[in-house]
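Data first, discussion second: the structure below is written as structure tokens.
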Amino acid sequence: MVSQAEPDGCTAPHAYLARAGHTLEGDGGCIADARHQALAFLDRARTEYDLPVSARARDLTRLVVSELVTNARKYAPGPVLMELRVTARAVEVVVWDSDPTVPAPQASGPDRIGQHGLEIVRAVTEGLFVEQEPVGKRITARIALSDASSDTARR
């Protein structure tokens, strides 16, 4: 189930080492641009703060960004805002859109095609939080930077 967020969805603002915000226009390239921005942000976190950003964290971040931005573009009119935040142990992907409807997992079934994005994001993240805003909603997904079961952490 999607958790309703405590005040800001995740971590206290002072705990963030870095933050970056992006406005994603509705053109066809905004999803690819969002993925590119997220990977560049993780690269900066790794080099500027010497954080252990694993290959798995990079892949999951790219997947989460793709799913959340795709859903925002598909179901909400207007712009999409993405914020990336990093702590010593996790990256948070925050996506805001103008639709106030809180997404809900769909019932599974053999005839169901598509609409698995929320399930995917929930399965690969440490936390998924949804906040209704005065206009729209904000979804925050938290992904661990290091993978204890993997020796592939990039330094």
Among (1) hydrophobic (A, V, I, L, M, F, W, C); (2) surrounded by 16 or more Cβ atoms within 10 Å (Cβ to Cβ); (3) farther than 21 Å from THR23 by Cα, the one test that VAL94 misses: (3)
Is the range 95-112 home to any residue that is of a type in the set (Val, Ile, Thr) and at pLDDT 95 or above? yes
Which listed residue, of LEU84, LEU128, LEU68, is touching a residue at least 24 places away in the same chain (Cβ under 8 Å) and outside any strand (DSSP E or B): LEU68
The one condition GLU25 fails out of (1) touching a Pro at 6+ places or on another chain (Cβ under 9 Å); (2) at pLDDT 85 or above is (2)
Residues to consider are ARG112, ARG73; find the one that is over 23 Å from ASP147 (Cβ atoms) and surrounded by fewer than 13 Cβ atoms within 10 Å (Cβ to Cβ). ARG112
Hey, does the range 35-53 have a residue that's assigned to a strand (DSSP E or B) and under 23 Å from PHE129 (Cα atoms)? yes
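Those residues that are acidic (Asp, Glu) and either surrounded by 21 or more Cβ atoms within 10 Å (Cβ to Cβ) or under 19 Å from THR87 (Cβ atoms) (or both), I need them from the range 16-58; list them, please.
Once the filter is applied, which keeps residues that are acidic (Asp, Glu) and either surrounded by 21 or more Cβ atoms within 10 Å (Cβ to Cβ) or under 19 Å from THR87 (Cβ atoms) (or both), the range 16-58 yields ASP43, GLU48, ASP50.
The values are calculated or read from the model by the stated rules, or taken from the named source; none is laboratory data. Treat the numbers as computed from the prediction; the structure is a model and nothing was measured. Quick reminder, even Gly has a Cβ in these numbers, built from the backbone with ideal geometry, and neighbours come from all protein chains shown.
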